[in-house]
Each structure stands twice: as structure tokens, then as C-alpha cells.
Amino acid sequence: MDGLVIGLALCDSYTQVNCGGQEKVWAFPTVICRKKNEDMWFVGEEAYGFTLTGEGVIVDKLLNLARKNGTATIGDIKFTGQELLERFIEQAIALPAEAYGTEQIRQMVVALPNVDNRTMDCLLYCADHLKIPRSHFHVISYSESFLYYVLSQEQNIWKNQVGLFDLSQKGLRYYEMKVVKGLRQTLVLSDYENLDEGVDLDVLETQAGARLADRILCACGERLLAKKTFSAIFLTGRGFEKPEWASDFTKLAARRRRVFSEPYIFAMGAACKAMDHLAKETAFPFVLICEGRLKATISMEVVHEEKTTQLVIAASGDSWYEAKSTMEFILDHQDELIFQIQPVDQKKKSEVKIPLKGFPERPERTTRIQLKTGFKNENTMAVVIKDKGFGELFPASDTEIRREIVL
């Protein structure tokens, strides 16, 4: 191998690691253990083993601990949640490194059940700790990794809608995707629903519990799959590692569609995206609309080389975390900035105006402004507008406007 191309599905309960183009998947609990009186670290089942024998101290819920700036004391040493998360990921990727005989990482994509700013920052700090260039490290949602996995399959799998039931320690979650072909571009839409009908994995240990869980899933399937045309249904999560207990639900899901059990779909989807980053031309020429990606295009009308044009600040399908920009303009008979917001639904176009209140009064075309944009999440754009003056004749002031735009 020239280097590792890693897809890592990470949540507080369980972690999966897959390398692009390889079938091997490592799956283990998201826990880390430090051996007493030794600077040796272990993850997953090994960590539980040393803890049970009294040789180590274990820490779990590592993502949450890092997100909340928490700490954990092991022996007499206090570790931050960020430090423990870094050590956990380091140990996790050491598994494929040892198996394939290389520590070099060409690309790495981490998939999360949900994406938020704070967790994204924590993972990027992990990349820095591991000396992985940020251009080689990406964070996506489970929704997006699901899309990459399905779209990497033969086309008849996703010619109609595709459903995914994920049964894990966190409960039952249902994902759904569909492909919408347009004249200019093809959209791939995905959303998910956390189902209230909880199925505890412990109940699957008894025949009575498994029968009850099967009935609950059948009720969910009747509601979610009715009156829609599906080409495939996928089952994933620890609850479906051995899907034989859900015989009635499996029969329901298989009516006029194919059913696949793939317990490692999120890690494998993340690995597909990592592989695509290395390709000269993407194998996924679609606009993906899902958690972690923008559902609207934001633009401004500007004049460039005496021609009026729409300047796109961020487009539908862009990663909201990576959609950051800095640009400068010269004002010409303008006392406000107008942003056009175009959702995927063309009928819902709107605009937002930000008055340039407090900016110094100057002759036309003698005020230069700097516009910085970024996103707090997929539904909120943060805007910073600064007065940059105009050379020595009109020095910059301290005037600054900060706004948030709900898309």
C-alpha cells in the first residue's frame, strides 16, 4: 500500500474502521484504557479486558467528553477529553496501519451520527495531533456516508428510493434517500428520523424480547415504507449483525424490493468518500443534500468588468463547515448588502438585506468593504462586514457589522 485511505465511523458507543478498497473492517466499543503505572493505551475489547483484571482504568463517551471540554483522572494524571479522543483515534488507526504495513495516511474521512461545530473542531485538532494535513482529513454525517455507500453500488440499487434502518445502542434511526434528475444536475436527497419506538439491544437476548422487537419494527416498517417505491432496504447497526431475530420485519421489508444487511455501512461509505478525494474526477457527479451540507445557494448581485452577474457565496450541496469565504467590494450607490437565498425548492426563493449603518460617509466608489462568511450549521450563515477605507485618502475605520442569516 502507498498509504492508508481510511473511513472511520465514530460515535460514543461504537467505532468502525475500514480502508478504501478493502473488505476488512475493525469494529469495537468507543472506550480507551491506560494501564496502571505504564504509559500504554488500549481501545475496545482490549480496554475492557485490562479493566476487568484491575490492570487499567477505562474512560468511555469520548466524543461527548471532548465536546464538553471535560476531563478524566487516570491514576494521578488528569487528561482532557480532547487528549483522550486524540489517543483513541491514534490507537484506532494503528490497527489498519499494522495490518497493511504503513502508517502513512493519504486520506481520512470520519463519519458522525450528527455534525456540529464543536465536535468538528475537536476532530480537526485530532488531525493536527496526528500530523494529518487538513486537506487530507474530512468530517461528514452518517447521512452523507450512507449516500456515498449506496451510490457506489450498481445503479439498479438506487434507481428508486432507498431506506436504511440503523439499530444501535442509541436506539432506532431510519434514513431515506432518493435521486432527483434535473436538466442541469442530479440531486441526491437524504434525511433521517429518530424513531420513538425504542428497541433496547439487551431485549434481543431473549426470545420473548426479540419477538417484541420484531413486532415494533414491523409497525415502523408499515408506516415508513407504505405508498413509496423502494429499490432497496439496508439494515445496519449492532442490532442487525444477526438479523435472524427480525424475520417478520425482514419479510415486510423484502416486499417487491431487495434487502441487504450491512453492519458497517457508515465506515465503508466514509471510505468511499476518502477514495473519491484521491480521484482526478469524482465518481459521484451529484449535488448531495443531507445533514452536513447546505440546502440552499446563497449569492449576491455584483458588477464585474461592467457586467452584472450573480456571485455565488455558497452553493447547495457544499459542506457547511468548509464553506468559508473572504472577499472585498467597492460600494457604488449602495447602502446595504442584499443576499439571495435559493433553496432546492425553486418556489421558496427569498432575499435578506443588511443595511450598512454606521459606515463613514464618503464619495461614491471610495469605500471598500471586506465580507467574511461562514456557517454555524447548515441552516445559519454568519456574516462579518468591515470597512476597509480607500487608500490613504480615506483610511479604514473600526466599523464592523455582524449578522446571522437563517437560510
Exercise for the section: Could you tell me what fraction of 2.2 N^0.38 Å the Cα radius of gyration of segment 122-247 comes to, as a two-decimal ratio? Expected result: 1.27
Problem - Contact order normalised by residue count of segment 141-183, Cα under 8 Å, 6+ apart, percent - result: 31
Problem - For segment 110-167: span of alpha carbons on each principal axis (Å, largest first) - result: 42, 22, 17
Fill in the blank from the handout: Ranked output for segments 132-138, 200-206 by mean other Cβ atoms within 10 Å, highest leading, reads 132-138, 200-206
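So which of 228/324; 348/376; 68/372 end up more than 32 Å apart by C-alpha?
Values: 228/324 38 Å; 348/376 22 Å; 68/372 28 Å.
Going by Cα-Cα distance, 228/324 fall outside the 32 Å limit.
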Practice task
Mind checking which aspartates and glutamates have their Cα closer than 19 Å to the Cα of residue 307? Skip sequence neighbours fewer than 8 apart in that chain.
Solution key: 328, 332, 364
Completion exercise
The ³J(HN,Hα) series, computed from each phi in segment 110-122 with the Karplus coefficients 6.51, -1.76 and 1.60 at θ = phi - 60°, rounded to the nearest Hz and given as x for glycine or proline, is 9, 9, 10, x, 9, 10, 8, 4, 5, 5, 4, 4, 4
Handout entry: Set of lysines with alpha-carbon distance to residue 131 below 22 Å, sequence-local pairs under 8 removed
Key = 273
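Based on the Kirkwood radius over alpha-carbon pairs, what is the Stokes-Einstein translational diffusion coefficient of segment 164-217 at 25 °C with 0.890 mPa s viscosity, in µm²/s?
187
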Problem - segment 162-201-segment 107-149 distance, computed between alpha-carbon centres (Å) - result: 20
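Sorted by average packing, counted as other Cβ atoms within 10 angstrom per residue and highest first, what order do 284-295, 184-195 take? Walk me through the intermediate numbers first.
Numbers: 284-295: 20.2, 184-195: 15.2.
Put in order of decreasing packing, that is 284-295, 184-195.
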Exercise for the section: Can you spot the lysines whose alpha carbon is less than 23 Å from residue 227's alpha carbon? Ignore those fewer than 8 places along the same chain. Expected result: 159, 178, 181, 251
Practice task
Provide, as a two-decimal number, the C-alpha radius of gyration of segment 14-148 over 2.2 N^0.38 Å, N being how many residues it has.
Solution key: 1.05
Handout entry: Bins of 10 Å, starting at 0 and running to the largest distance - Cα pair percent for segment 201-316
Key = 11, 25, 25, 19, 11, 6, 3, 0
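Would you kindly calculate the translational diffusion coefficient of the chain, applying Stokes-Einstein with the Kirkwood radius from alpha carbon pairs, for 10 °C and a viscosity of 1.306 mPa s, and quote it in µm² s⁻¹ without decimals? List each step's numbers first, then the result.
Working: Rh = 23.9 Å.
Once the numbers are plugged in, D ends up at 67 µm²/s.
Taking loop as defined by DSSP and a crowding limit of 15 other beta carbons within 10 Å, which trypsin sites (Lys or Arg not before Pro) in segment 1-61 fit? Don't skip to the end; give the middle numbers.
Working: sites: 24, 34, 35, 36, 61; in loops: 24, 36, 61.
Answer in residue order: 24, 36.
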Practice task
Note down the Stokes-Einstein diffusion coefficient of segment 265-385 in µm²/s, whole number, using a Kirkwood radius over alpha carbon pairs, 25 °C, and 0.890 mPa s.
Solution key: 147
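Accessible area per residue, 1.4 Å probe, Å², for the chain: what's the number? It would help to have the intermediate numbers written out before the result.
Numbers: 21020 Å² over 407 residues.
Computed with neighbouring chains in place, this is 52 Å² per residue.
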Completion exercise
In a Gaussian network model of the chain with springs linking alpha carbons closer than 10 Å, the residue among 83, 306, 45 that fluctuates most is 306
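From the mean inverse distance of alpha carbon pairs (Kirkwood) and the Cα radius of gyration, derive Rg over Rh for segment 223-274.
Result for segment 223-274 is an Rg/Rh of 1.02.
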Completion exercise
Taking alpha-carbon centroids only, segment 1-55 lies from segment 344-406 a number of Å equal to 46
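Roll a 1.4 angstrom probe over the protein heavy atoms and tell me the percent of accessible area of the chain that is carbon or sulfur.
Details: 9910 of 21020 Å².
C and S fraction of accessible area: 47 percent.
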Completion exercise
At the level of C-alpha centres, the distance separating segment 216-254 and segment 266-335, in angstrom, is 36
Practice task
Per residue of segment 71-85, in order, report the coupling 6.51 cos²θ - 1.76 cosθ + 1.60 (Karplus, θ = phi - 60°) as ³J(HN,Hα) in whole Hz, putting x for Gly and Pro.
Solution key: 9, 9, 9, 10, x, 9, 10, 9, 10, 7, x, 5, 4, 5, 5
Exercise for the section: Compute the Rg to Rh ratio over segment 249-305 from the alpha carbon atoms, using the Kirkwood formula for Rh, and round to two decimal places. Expected result: 1.19
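The values are calculated or read from the model by the stated rules, or taken from the named source; none is laboratory data. This one's a predicted model, so the numbers in the text were calculated from it and none came from an experiment. We place every Cβ from the backbone using ideal geometry, glycine too, and count neighbours over all the protein chains shown. We work out accessible area using only protein heavy atoms, side chains counted, and drop any ligands, DNA or RNA first. Shrake-Rupley method; radii C 1.70, N 1.55, O 1.52, S 1.80 Å.
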